[in-house]
């Protein structure tokens, strides 16, 4: 299925295909393969926190099911959070994972800790290719409404049998605080 056939379905592209449209200031944020949580903590002296918006079992969006290689009608675990520096939300994130393979991952116990704080401590973590999208695809987060920044990214991460599609949308407050351009 082509995203162009479904209005409102996010159109993710490989990161290299988005690079010509992206300011060099955004590239290190969108293309980095390391922990976004760690990068955010370094970028600001303000305290880092996670605001849990939603978590539980749901059906994936069409693009999420496709990225995970799942039938659309299947159920997945999902989590939506805001990554905050001080009082400002810098990133809205949505993660989805197939229910099979979740045992032992302890994702439901993260609470208001970042997923990255768990993932990047796993010695067998593998990260797939990064895809990027121009915002306002952030409207795909059901629990969050706010000012989108110019970019979102996603990649499939694996820890053993656990597969997690992590989608991160950089918000306008981050762009403003770091004086990043609008593209």
Subject >> Subset of the stretch 18-65 [surrounded by fewer than 17 Cβ atoms within 10 Å (Cβ to Cβ) and farther than 28 Å from residue 177 by Cβ] >> reply: 56, 57, 58, 59, 62
**OP:** Among the residues of the stretch 164-180, write down those that are touching a residue at least 60 places away in the same chain (Cβ under 8 Å) and either touching a strand residue (DSSP E or B) at 6+ places or on another chain (Cβ under 8 Å) or part of a strand (DSSP E or B) (or both).
**Re:** 164, 165, 166, 167, 168, 169, 170, 171, 173, 174, 177, 180
**OP:** Kindly provide the set of residues from the stretch 2-17 that are at pLDDT 95 or above and surrounded by 15 or more Cβ atoms within 10 Å (Cβ to Cβ), ordered by number.
**Re:** 15
Subject >> The lone exception for residue 26 - which of (1) under 25 Å from residue 65 (Cβ atoms); (2) modelled with pLDDT of 95 or more it fails >> reply: (1)
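The values are calculated or read from the model by the stated rules, or taken from the named source; none is laboratory data. It should be emphasised that the depicted structure is a prediction, and the values quoted were computed from it without experimental measurement. Cβ atoms come from the backbone with ideal geometry, glycine included; neighbour counts cover every protein chain shown.
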